[in-house]
1. Relative to the compact-globule scaling 2.2 N^0.38 Å, provide the ratio for the alpha-carbon radius of gyration of segment B:1-68.
2. Could you give the spread of the C-alpha atoms of chain A along their three principal axes, from largest to smallest, in whole angstroms?
3. Going 7 Å from the Cα of residue B:39 in the Cα-to-Cβ direction, what parts of segment A:11-45 have a backbone nitrogen less than 19 Å from that spot?
4. Could you check the simple spin-label distance between residue A:111 and residue A:11, using points 7 Å along Cα→Cβ, in nm with one decimal?
5. Taking neighbour Cβ counts within 10 Å as the exposure measure, how do A:50, B:56 sort from fewest upward?
6. Note down the relative contact order for chain B as a percent, whole number, built from C-alpha pairs under 8 angstrom at least six residues apart.
7. For segment B:2-114, list log₁₀ I(q)/I(0) at each q in 0.13, 0.18, 0.19, 0.24 Å⁻¹, using the Debye formula over Cα point scatterers of equal strength and ignoring solvent, two decimals each.
8. Could you calculate the contour length gain from residue A:28 to residue A:55, that is, 0.36 nm times the residue separation minus the distance between their Cα atoms, to one decimal place in nm?
């Protein structure tokens, strides 16, 4: 059974710092991995999608990497801003109708 | 247009009420999903529709009844809910069931059951 873990559960950093969020999964037979952002009480915003054959994806200040063999992904946020404060969720896609299996999330707070 | 819309944004209902949640997308996606999310927890899959047919039901109680009347619309009918059903209900869509595609989420409906 696929399990997804995110570390740390919460992170507080000063503005301008570069940071890394971690995601690990137990079964390497994934189709892809998706990183989401969720603001309190809101829906999920897709940040990056990495296919199983890819090593990384970039969008602006965000860079996500994937090491399928070791069951790990990282989300790198450069030059963090207070507006980056949110919960970040990673999810892997299984072979069951596109079912996403989520980690518990990392709650990020960027202090001005 | 990469938008999934959900109505209403908030819903308060009693345990004897019948209500419906609505989800709409106009991206031509043929797979649509309902998720339930409790506070401080990740979303949990409830139902998956593919080409307007129910593909996955994650053992959800019958007081939740999904419906997909056309390729753009997904409903969730609610009846005789319990207070523990209070949660954020999220709709999502994807091009198809093949797991290579990005899944897009709506803003959610915040449901409170009294």
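1. Dividing the Cα radius of gyration by 2.2 N^0.38 Å gives 1.20.
2. Each principal axis gives a Cα extent; for chain A these are 42, 28, 20 Å.
3. Hits in segment A:11-45 for residue B:39 at 19 Å: A:38-44.
4. 1.7 nm
5. Numbers: A:50 21, B:56 17.
Going from least to most buried by this count: B:56, A:50.
6. Values: 288 pairs, mean separation 42.4, N = 114.
Dividing the mean separation by the residue count of chain B yields 37 percent.
7. Log10 I(q)/I(0), no solvent term: -0.44, -0.84, -0.94, -1.46.
8. Details: separation 27, 0.36 × 27 = 9.72 nm, distance 1.37 nm.
Gain on extension, residue A:28 to residue A:55, equals 8.4 nm.
None of the figures in this text is laboratory data; all of them are computed from the coordinates on show. None of these values were measured; they are calculated from a predicted model. Virtual Cβ from ideal backbone geometry, glycine too; neighbours counted across all protein chains shown.
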